[in-house]
Structures are given as C-alpha cells and as structure tokens.
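Undergrad: The structure under discussion is supplied below as structure tokens; questions concerning it will follow.
The values are calculated or read from the model by the stated rules, or taken from the named source; none is laboratory data. Note that this is a predicted model, so its numbers are computed, not measured. Using ideal geometry, Cβ is built from the backbone for each residue, glycine included, and neighbour counts are taken over all protein chains shown. Accessible surface areas use protein heavy atoms only, side chains included; no ligands, DNA or RNA. Shrake-Rupley method; radii C 1.70, N 1.55, O 1.52, S 1.80 Å.
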Amino acid sequence: MSSMPATVIVGGFFGDEGKGKIIAYLALKDKPSIAVRGGVGPNAGHTFTINGNRYKVRMLPSAVAYPSCRLLIGAGVLVDVDVLLEELKEFNAYSRVKVDNQTGIIEDRHRREDKSSAHSSMIGTTGSGSGPANADRANRTLRIARDIDTLEPYLDDVSYSINMAIRTGEHVLVEGTQGTFLSLYHGTYPYVTSKDVTASAICSDVGIGPKNVDDVIVVFKSYVTRVGSGHLEGELSRDEAARRGWLEIATVTGRERRAAPFNYDLAARAVMLNSATQIALTKLDILFPECKHARSYSDLSREAREFITGIEDRLNVKVTLIGTGEDTYDIIDLRDQ
Ligand code: IMP
Ligand code: MG
C-alpha cells in the first residue's frame, strides 16, 4: 500500500472508464480518512457494486463506499442541490459530507438551457446544466454554495481541510470525473465538457498544489467508449459493439455509448497530460471472459497478460490495478509488487 498522502484518480479516455469502481475499491482497501471530489459536476455518473448491490453517485465522492471516510466536494465543482440532497439521504451521509463555501450552484435555468439549446444538442451534452453554469461562473454571475440556505449545515473550507489532512500525514483520495479527452483545453474541442479535467485541474478544483500529489492513477477501460458527439478513432458499428459486449448505457443520460478498441496513442497522451504514475485497467473480463472474477495475476490467461504487458511497454507506466468484473473486489491489486 502507498504511504503517500494524496492520490489523484482521473479518467484517461472520454469518461466512463470505471473510476467509480476503482475509487470504491481504493477507499475500502486503503481506508483514507478523507476523499474529495473535483471535476465538473452532476454530469458525471460513477457506479460501483458491493455484494451484488449497485450504487450510483453523481455528486458524492465514490469513496462513500467506505463508511468511515469524510467526503468533501471541492470549490471548482458544480453542485446540483437536489441531486446532492438525494444522495445524502440514500447513503445516510449527512454527518460526513462537506461542500466548499465557493462550490458553484446549478439552477433550473442552467438545466433548461442545457436541455434546449441547439448548441448543447450539437455537442451532445448531458443536459445537467453544467456548461451554462460554468459559463455564468466565468461571467461571475453564478451563485455559490455560501449563498444557499439549505447547504448551510454542510459548508466548509474544503481546501483548508484537505491541506491540513495532508500536512498531518493522513491519506487523501482526490477523485476526478469525466476523462482526459473531454477536457475543455486538451480534449477534442468543441466536443468536450466545460472545464479542464486533467489531474492538474482536479487538484486546482479541490485546492491542493502540485507538490502535494504523490500518485496519479489514470484509469483506462480495456476498450474506449464515448457518449455525445465528437470523433472516436476506430469506432465500431453498433452491431459490432453489441457483438463484442462493448455496448454500454450511460449512467446519467441513459444514452448508448459509442465504442472503439483500446487506443494506445490516446492512452500515451493521457499518461503525458496527467503525469500518470500508475494505470488502472478496467473491464479486462469483457475482452477476456476467461479472466472474469480473477483476483490474482497468475489467474489471467496468457492473452490477457500480453495485453497488459503490451500496455505497460508502450506507455512506460505500470498497470497496478486490473478490474475483472463488476464487483468492487473483482480486482487484481499489484501495487505492492
Ligand atoms: P456536458 O459536460 O454535459 O456539457 O457534456 C459535454 C460532453 O461531455 C458530452 O459529450 C457528454 O456526453 C460528455 N460528458 C460529460 N460528462 C461525462 C461523463 O461523466 N462521462 C462521459 N461523458 C461525459
Ligand atoms: Mg460515468
């Protein structure tokens, strides 16, 4: 197990790489005292499964899976108050969630605009109001958490709390959302989300400086998926994606995801843009069904092992976590090796 104070987890493709599952596992295994969410806002949907129960979060950190973890939301994130209150209730997380005083607030008009504008539909946004809210934020007209009475019990100086935790040697998990190529700056503009979402941006969202980060885990799925518009290199037909078992349904919008094979060039660029120190590879069992539920490297087939060493050789970063099924514990953890 890493003894480093802050670990940042980000997506290496277009979101939906399986960050939720990886984070839930890390939280249960490493027992961090604090997890903090960066990223855009409720346009993200993270899923994890424990003992056959499937959980979905859009506002809370996925570390909610570990009951003793304090859960913070950074100043750079956008909060949909209704979604947050629902999740607080679902997870009975009232006493362990804090929102930064300066977190942005999505309002009805943002959601309405995002769902109705021709531009949003051209981009294929999630309709969550995130883009219009971030536009208002850039214009400095957006309301922030300290303006909202219902958030009063949950307000905190989140960046201060995390920096204090890091200073006292506590283990902090920093959760990114979306994926590298949805970044407003480094992605496939204009078919991107409304903020940068690379590791540096996630740190900025939560208020920690680059010297306080020791590990950056970039999560890749064993194939690439994308929802919404924008180029997807090597995109398969819907039928072919279905035949391979790669046809997925988006968590937030219920849309079908487009699919393509693992893209080594994009992955190498994601490693560069995020200064990845480790790779988590998810859904290996979809490419290699014989690996389903494998929990040790030696249980993997030769083909699966070659796929992994091929990734390591081409990207020059170790694959330290390998997802082999839906359950949080369907994972091979090689961090000690
Ligand atoms: P927006 O972030 O809702 O404005 O959507 C902009 C683009 O990013 C669209 O292509 C969305 O499908 C995509 N997107 C935003 N958030 C996520 C996510 O969490 N997973 C996958 N795609 C996302
Ligand atoms: Mg998702």
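Undergrad: Against the conditions (1) out of contact with any helix residue (DSSP H, G or I) (no Cβ under 6 Å at 6 or more places or on another chain); (2) closer than 25 Å to T328 by Cβ; (3) open to solvent by 20 Å² or more (accessible area, probe 1.4 Å), where does I308 fall short? Just the number, please.
TA: (3)
Undergrad: Same structure, new question: Where residues in the range 115-151 are free of Cβ contacts under 8 Å to residues at least 24 places away in the same chain, assigned to a loop (DSSP other than H, G, I, E, B) and not charged (D, E, K, R), which of them is most open to solvent (accessible area, probe 1.4 Å)?
TA: If we take residues in the range 115-151 being free of Cβ contacts under 8 Å to residues at least 24 places away in the same chain, assigned to a loop (DSSP other than H, G, I, E, B) and not charged (D, E, K, R), then N139 is most open to solvent (accessible area, probe 1.4 Å).
Undergrad: Tell me, please, whether a residue that is within 11 Å of ligand 2 (Cβ to nearest atom) and surrounded by 24 or more Cβ atoms within 10 Å (Cβ to Cβ) can be found in the range 22-35.
TA: Going residue by residue through the range 22-35, those that are within 11 Å of ligand 2 (Cβ to nearest atom) are none.
No; the residues of the range 22-35 include none that is within 11 Å of ligand 2 (Cβ to nearest atom) and surrounded by 24 or more Cβ atoms within 10 Å (Cβ to Cβ).
Undergrad: Exactly one condition in (1) more than 11 Å from the chain's Cα centre (by Cα); (2) open to solvent by less than 10 Å² (accessible area, probe 1.4 Å); (3) within 19 Å of H171 (Cβ to Cβ) is not met by P42; state its number.
TA: The number of the failed condition is (3).
Undergrad: Let me ask something else about it. Tally up the residues in the range 215-252 that are open to solvent by less than 50 Å² (accessible area, probe 1.4 Å), within 18 Å of the chain's Cα centre (by Cα) and either modelled with pLDDT under 95 or not hydroxyl-bearing (S, T, Y) (or both), please.
TA: Residues that pass the stated criteria total 15.
Undergrad: Next question, about the same structure. Can you find, within the range 152-202, the residue that is farthest from N101 (Cα to Cα) among those that are outside any loop (DSSP other than H, G, I, E, B), open to solvent by 50 Å² or more (accessible area, probe 1.4 Å) and among the charged types (D, E, K, R)? Full working, then the answer.
TA: Step one: list which residues in the range 152-202 are outside any loop (DSSP other than H, G, I, E, B), which gives 152-156, 158-167, 172-175, 180-182, 199-202.
Within this subset, residues satisfying the condition of being open to solvent by 50 Å² or more (accessible area, probe 1.4 Å) are 152-153, 160, 164, 167, 200.
Now drop any that are not among the charged types (D, E, K, R), which leaves 152, 167.
On the way: E152: 9, R167: 21 Å.
Taking the candidates together, the pick is R167.
Undergrad: I've got another one for you. Restricting attention to the range 253-303, report how many residues are away from ligand 2 (no atom under 16 Å from the Cβ), charged (D, E, K, R) and open to solvent by 20 Å² or more (accessible area, probe 1.4 Å).
TA: Looking only at that region, the number is 8.
Undergrad: List the strands (runs of 3 or more DSSP E) inside the range 1-108, counting only whole elements, that have at least 1 residues being on the phi < 0 side of the Ramachandran plot and among the charged types (D, E, K, R).
TA: Numbers: elements: 6-11, 34-37, 46-50, 53-57, 70-73, 97-100.
Of the strands (runs of 3 or more DSSP E) lying wholly inside the range 1-108, those with at least 1 residues that are on the phi < 0 side of the Ramachandran plot and among the charged types (D, E, K, R) span 34-37, 53-57, 70-73, 97-100.
Undergrad: Starting from the range 236-247, take each residue that is free of Cβ contacts under 8 Å to residues at least 60 places away in the same chain and list its partners that are in a helix (DSSP H, G or I) and open to solvent by less than 70 Å² (accessible area, probe 1.4 Å), counting only C-beta distances under 6 angstrom and pairs at least six apart or across chains.
TA: Note: pairs meeting the criteria are G245/I286; L247/A241.
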